[in-house]
Amino acid sequence: MRKGFVAILAFLFIMPSTISVTGQDSEEMPLNCSLNFNGELANESVHFQTDLGPRIPGSLASSALRDSIKNNLTGWHITESTHHSNGMTLTNLFATWNKGAGSNVILAAHYDTRHKGDQDWNESRRGDPIDGANDGASGVAVLLEIARLIPNLNLTHEVTLFFTDGEDQGDNHSTYVLGAKAWAENLSQEEADSIESFILVDMVGDSYLTLRKTTPGNMELWNRTEDIIRYIDDVCQLNDSSYFDFERFDGIYDDHVPAHELGIPAIDIIDTRFGENASFLGGHWHTHNDTADKVSAESLQKVGYILELGLIDGAWLDVRETEVSKDSDGDGIADNVDSCPQISGDDTSGCPQEPAEKTTISQDGDDITVGVLLVLCIVLVWSNFAWLIFADNRGEG
Ligand SMILES: [Zn+2]
């Protein structure tokens, strides 16, 4: 009989710790670490795109790439829109998964490549179009590889892949970002308000990947992105987070700005230092060295993991709601959000350094459940002790 009590007591002592471990697991492993983004496949797309030749708006290579993207995305809702801007015919391409489900998350990249390598060391080649392996092909490659995974993620909201045209044909703000501007101009405020977020990837294939936050951009989205990068390193141990500078900002004008100006939570994930020890918008940027051999599968995979885990975790949803909850002064405007200056420049100073908040990875519900179970188990253990003592006093056993 006493053996029976010992067994029960042992079980009751072990049970709380088992639950605790399970609870610990669900706390530390709330997200799926078995990420499937394949950097090698993405890198193959980079080579495919550069083999087409420069994807200048209106060119045969440009339409060939669009055809290829459409052929890749069977089962997706595809639309194109054409705009005439700055003497060019631009074609934006959209592919939507779960069309009609609402809560649209937009993942964007420009598919055009620059018509001139005006930053090249060789003056005689500054008028020639560039390959755009990093500046163009890398972002498209990440989107296409994410597209391969999305049907298996069981998402219940819309995801639109937005392949923008005419991002990189300009000389100043008014002549860059033409496709994204045309899209934004044709969007009603109601439509803009219905978009959950706008995540842009641009120049994300650099073998020497170095990322940091950029401005203008949505700080809540950046906080979540940082959480994801740390999680992939600390918990999943899939890759080291040293490629990301958690301290500093870059100011950058890119396809995310028209969305940002409409109030859509938007960020630009971009490596503005292309090449080993490159300076801000130096290195291979807008030169004839922007070739496929400067891009690596490993870098594409790092960025792909961020997008994939963000989708799995819902990090790209309900961004506005979290911002409002951080409105401590009650003025209806979220604190410290988007207060960075809208400039292009290196090492943007004076930008808010919000305390890291584990908004996407907190598991308060699990904590409470585990706590309640622990209390119940302790009560059970002590009631069994009491019964054992009582039974012993009765001379049983
Ligand atoms: Zn560019």
XL table LYS70/LYS99; LYS116/LYS294; LYS99/LYS302; LYS116/LYS181; Cα-Cα > 24 Å flagged, in table order, is LYS99/LYS302
Once Lys and Arg are counted +1 and Asp and Glu -1 for all other residues with Cβ under 10 Å from that of ASP120, the total becomes -1
With R₀ set to 45 angstrom, the calculated FRET efficiency between the beta-carbons of THR175 and ASP233, to the nearest 0.05, is 0.70
The relative contact order of the range 34-325, taking Cα pairs under 8 Å that sit 6 or more residues apart, comes to a percentage of 25 percent
Extension length gain for ASN154 and ARG126 (0.36 nm per residue less Cα distance), in nm, is 5.4 nm
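Values in this text are rule-based calculations from the coordinates and carry no lab data. This one's a predicted model, so the numbers in the text were calculated from it and none came from an experiment. Every residue, glycine as well, gets a Cβ built from its backbone with ideal geometry; the counts of neighbours run over all protein chains shown.
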